[in-house]
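Here's the structure, in structure tokens; my notes come after.
The values are calculated or read from the model by the stated rules, or taken from the named source; none is laboratory data. Because the structure is a prediction, the values reported are computed rather than measured. Here the Cβ is made from the backbone with ideal geometry for all residues, glycine too, and neighbour counts use every protein chain on show. Only protein heavy atoms, including side chains, enter the accessible area calculation; ligands, DNA and RNA are left aside. Shrake-Rupley method; radii C 1.70, N 1.55, O 1.52, S 1.80 Å.
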Amino acid sequence: MVDDQHTGERLQKVLARVGIGSRRVCEDLIEDGRVTVNGEIAELGRRVEAETDLVEVDGAPIGVRPGLIYYLLNKPAGVVTTASDPQGRPTVVGLVPAEPRVFPVGRLDLDTEGLLLLTNDGELANRITHPSHGVEKEYLAEVKGEPSRAALRRLREGVELEDGLTAPAQASLVAPTLVRLTIHEGRNRQVRRMLDAVGHPVQRLIRTKIGPITDRRLAPGAWRELDLDELRALERLVATVAKPDPTGR
Ligand code: URA
């Protein structure tokens with residue numbers, strides 16, 4: 001069982017450290033043959049060099065570099081999406097553990113609530129925010145007035161904004177003044193501007209989903225780490241070679 005041929009750290013210890021699960025859970029994953037090192041199924045007791053060996057669980061690379069961390073935060077209104085605010089307002093970074101230092105993936109407006117990822121994995125963060133990957137973000141918007149079917153159709157087909165036509169979106173009514181809108185662009189204040197453009201200014205905006213990531217039970221201001229399945233799903237989503245961005249950005 002014990003691998004004397006390799007130096008480095010025990011695989012189950014590395015997996016546990018990067019947040020895959022408890023040491024016990026990680027041992028089970030290895031025993032079930034779900035963990036590979038440099039493409040070969042790993043045995044319990046295998047040692048790895050966290051910096052150089054490619055460790056995958058169910059075929060998805062895990063961030064074995066020590067200290068990579070991924071938080072999902074439910075941002076409350078009135079909190080700034082930045083690491084430090086010159087005006088001294090509360091920041092999203094202030095709501096999660098201070099060490100290791102993380103940064104927000106993309107941004108939500110001061111008054112927007114809902115799901116925000118924070119990580120110290122710059123590579124994954126870049127891929128998630130890059131427009132070419134078109135990661136879908138779902139929002140719930142409480143709006144002024146009751147959007148008609150024609151207004152929803154305009155949102156779906158694309159709305160002319162000052163920085164150009166928006167890409168087709170998914171739009172539906174959840175209640176007479178509550179719109180569910182899914183977009184895959186990340187323009188500044190895009191949802192607010194789209195709804196303004198169709199005559200229904202936003203009163204309250206909540207992001208409810210980022211790609212495959214959602215969590216209805218995370219209270220405002222609360223955070224948790226992404227679990228392995230979520231991290232794998234995100235990595236899979238942005239693993240494809242970037243397509244050229246039709247908007248040229
Ligand atoms: N669209 C907006 O208008 N605001 C946000 O915070 C996110 C998307």
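Worth a mention:
- Every test in (1) in contact (Cβ under 8 Å) with a residue 60 or more places away in the chain; (2) in the same structural domain as Asp229 (by TED's automatic domain parsing) is passed by Gln87 save one, and that test is (1).
- Residue list for region 100-110, filter: among the hydrophobic types (A, V, I, L, M, F, W, C) and more than 9 Å from the ligand (Cβ to nearest atom): Val102, Phe103, Val105
- Number of the exception - Asp229 against (1) assigned by TED's automatic domain parsing to the domain that holds Gly164; (2) open to solvent by 60 Å² or more (accessible area, probe 1.4 Å); (3) more than 13 Å from the ligand (Cβ to nearest atom): (1)
- Pair list, Cβ under 8 Å, 6 or more apart: region 110-128 residue among the small types (Gly, Ala, Ser), other residue part of a loop (DSSP other than H, G, I, E, B): Gly114/Leu108; Ala125/Val105
- Among the conditions (1) in a helix (DSSP H, G or I); (2) open to solvent by 20 Å² or more (accessible area, probe 1.4 Å), the only one that Arg216 does not satisfy is (1).
Here's the yes/no breakdown for (1) polar (S, T, N, Q); (2) more than 14 Å from the ligand (Cβ to nearest atom); (3) within 22 Å of Arg236 (Cβ to Cβ); (4) modelled with pLDDT of 95 or more:
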{"residue": "Pro86", "(1), (2), (3), (4)": "no, yes, no, no"}
{"residue": "Val93", "(1), (2), (3), (4)": "no, yes, no, yes"}
{"residue": "Thr112", "(1), (2), (3), (4)": "yes, no, no, yes"}
{"residue": "Leu118", "(1), (2), (3), (4)": "no, yes, yes, yes"}
{"residue": "Leu124", "(1), (2), (3), (4)": "no, yes, yes, no"}
{"residue": "Gly134", "(1), (2), (3), (4)": "no, yes, yes, no"}
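- Residue under evaluation Val25, criteria (1) surrounded by 15 or more Cβ atoms within 10 Å (Cβ to Cβ); (2) of a type in the set (Val, Ile, Thr); (3) not in a strand (DSSP E or B), criterion not met: (1)
- Complete set of residues in region 164-211 that are near the ligand (Cβ under 10 Å from one of its atoms), open to solvent by less than 40 Å² (accessible area, probe 1.4 Å) and in a strand (DSSP E or B): Leu181, Ile183, Val202, Leu205, Arg207
- Residue in region 146-157 that is in contact (Cβ under 8 Å) with a residue 12 or more places away in the chain and within 11 Å of the ligand (Cβ to nearest atom) present: no
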